[in-house]
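The values are calculated or read from the model by the stated rules, or taken from the named source; none is laboratory data. The structure displayed is predicted, hence computed values, not measured ones. With ideal geometry, Cβ positions are generated from the backbone for all residues, glycine too; neighbour counts draw on all protein chains shown.
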Amino acid sequence: MTLNEIIQLPAEVSDKIAAGEVVEKPYNVVKELLENSIDAGADKITVEIADGGLSLIKVTDNGKGIMPEDMPLTIKRHATSKIRSFEDIYSVKTFGFRGEALSAISSVSDFAITSKRDNFDVYTLEKHFNSPPIIKPATSTRGTIVEVRNLFSKIPVRKKFVKSSSNEGKEILKFVKNFSAINYNIDLVFIRDGEKILEFNRSNSMFTRIKDIFGESSCFEIKDSCEGISIEAVAGFPDNQKFRKDNIIIAVNRRIIKDYQLMQGIIQSYYRLMPENRYPFAFVNITIYNENVDVNIHPTKASVRFFNPKEVFDFVYRSFKKGLDGLKLEYDRSDIHESKRYFENNFIDSKVYLTDLTTILDTKNSTQIVKEESESYLPNDFNIIGQLFKTVILCEKGNDLYLIDQHIAHERVLYEQYLSENRTVASTILFEPIIVTLDHKAIDYLKDNQLILQKFGFEYEIFSKNSIKVSAIPSSLMQKNIEEEIKDLITEVIKNSNINNDALALTMSCRNAIKSGDYLTKFEMEEIVRNLFCSSNPFTCPHGRPIIFKLSKEFIFSKFQR
Ligand code: ADP
Ligand code: MG
């Protein structure tokens, strides 16, 4: 009888424990196998699953294959051809390579791997659940086939985590789609329960592949690089708004990862172009070059970080920001009073985004309502027709009718004016200063933000513990009840937890913009439209609502059967 209480777990058991970390669900198996195929340089991959991956997951690739003598090692824990030394673990190249996947997968399934390396014999390694592996000769073409059957079938605890096979199947399909968007340069076939669900031929553009997979075309490309890192992405136009964040897919060196911070960075780059509870659509691949990058990581960290996260975050955020800015109409502000305004676009040739009503009305299919425009918009191009419902400015340009929401258009104009560096809001000095009483929270705020408020046209001094003496106000407030306006404005700004320039500009522009229902003269309409098209983004308001719709002459005429 042994008295030991502590024993070393047999490899069989410890492998299964480790397996729990690598393969939690069938989709993890698909991910690991696909990544192995990519590592092997495959450019043609077939994925087949049955029963949500529970009865079969089979991945066939045309990669470089495995040397016969390496076959037994494929399923050994920590056996990998991808790292050689301890130092390698900390280099970028070894991202995710720990030689654990096949060992883990083969310990919780009936497993087989067949591989052919050019000029070598083909072998199959089979490992049935709980029995030792068998290796036998086989025939096959160049590449590797991995078959995983009866996953978790003998491990009830694991099975508990697995949802219905149809759910697992959906998860796998979603992953395969995302994977093939990121790895657009490979041929990919996906078969589910005997039926070919996806088939893509290799493409040289992520944009095209994404259009093929998701039917998404209201998006633009981002490509950028700086030392040691580059980014390639396809991102939705700001009016391509999603309800969920899971339309943002991030990959590093073509491996899909989950990174909350990077995702936030991407969402933030759409700040003020989208309402707060809407999210962009984006596929992002970040390439990190081993040689150049500072792999600033700490050896004791359980999960290896391969790069300086802050640097990567900044880079991704800036690339998106640049891409989005590139969509806006560019013009030379100094030329504004001459007729020589011009537009140039850094990233995409004069593409802007604009919802075209014609497509909605024509097809009754509102999913694809955004059209890329290749026109430029010169502020003086618009001929004002009139005002509709005291809310919408109608104007024509070329062969299109434009409908512009007067309130949000004006709001966009004011917002940018308020935020622009060298402009202060027109201010009117009061003939007689007025005393406004406020609570002490408001007084504290006013004490601290005197300069910001000055920029917005306010001049005041703290008069007492609960009042201020106002000597100048933004001219736009002149017609209104000054005391009430100031109180409302301050309360609103304070309520807005992040008191800053931007929040103030937003509040002010919303409050001061002409309202729907206000009658406008032709001159006033011209003024708004001209200023709108001088703004950096005439198409969505600072909250992300659309400002402009258009209808084509062709469409209107077709309704009259002309
Ligand atoms: P890792 O990918 O972390 O090295 P795995 O357990 O996923 O570990 O794979 C172990 C080894 O098996 C790999 O390092 C590679 O040499 C080999 N291998 C696995 N899949 C393939 C494949 N599809 N083509 C070529 N070699 C493969
Ligand atoms: Mg692997």
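Observations on the structure shown:
- Residue satisfying all of: in the range 7-46; among the hydrophobic types (A, V, I, L, M, F, W, C) and away from ligand 1 (no atom under 12 Å from the Cβ); modelled with the highest pLDDT among these: V30
- Test set (1) in contact with a helix residue (DSSP H, G or I) (Cβ under 7 Å, 6 or more places away or on another chain); (2) in a loop (DSSP other than H, G, I, E, B) - K390 fails condition number: (1)
- Residue match in the range 248-255 (condition: basic (K, R) and at positive phi): yes
- S109 being over 17 Å from F152 (Cβ atoms) and either modelled with pLDDT of 90 or more or more than 7 Å from ligand 1 (Cβ to nearest atom) (or both): no
- Scanning the range 122-145 for any residue that is at pLDDT below 90, out of contact with any Phe, Trp or Tyr (no Cβ under 9 Å at 6 or more places or on another chain) and surrounded by 17 or more Cβ atoms within 10 Å (Cβ to Cβ) turns up nothing.
- Residue check, K553 farther than 30 Å from D444 by Cα and in contact (Cβ under 8 Å) with a residue 12 or more places away in the chain: yes
- Residue in the range 228-238 that is within 12 Å of V316 (Cβ to Cβ), at pLDDT below 90 and not in a loop (DSSP other than H, G, I, E, B) present: yes
- Residue within the range 534-547 that is assigned to a helix (DSSP H, G or I), touching a helix residue (DSSP H, G or I) at 6+ places or on another chain (Cβ under 9 Å) and free of Cβ contacts under 8 Å to residues at least 12 places away in the same chain present: no
- Strands (runs of 3 or more DSSP E) within the range 108-174 that include 3 or more residues within 17 Å of S37 (Cα to Cα): 110-116, 143-149
- Test for R149: is it among the charged types (D, E, K, R) and either on the phi > 0 side of the Ramachandran plot or in contact with a Leu (Cβ under 6 Å, 6 or more places away or on another chain) (or both): yes
- Any hit, the range 513-525, residues being at pLDDT 80 or above, surrounded by fewer than 14 Cβ atoms within 10 Å (Cβ to Cβ) and assigned to a helix (DSSP H, G or I): yes
- Output for the range 47-80, where each listed residue is within 32 Å of the chain's Cα centre (by Cα), aliphatic (A, V, I, L, M) and near ligand 1 (Cβ under 9 Å from one of its atoms): V59
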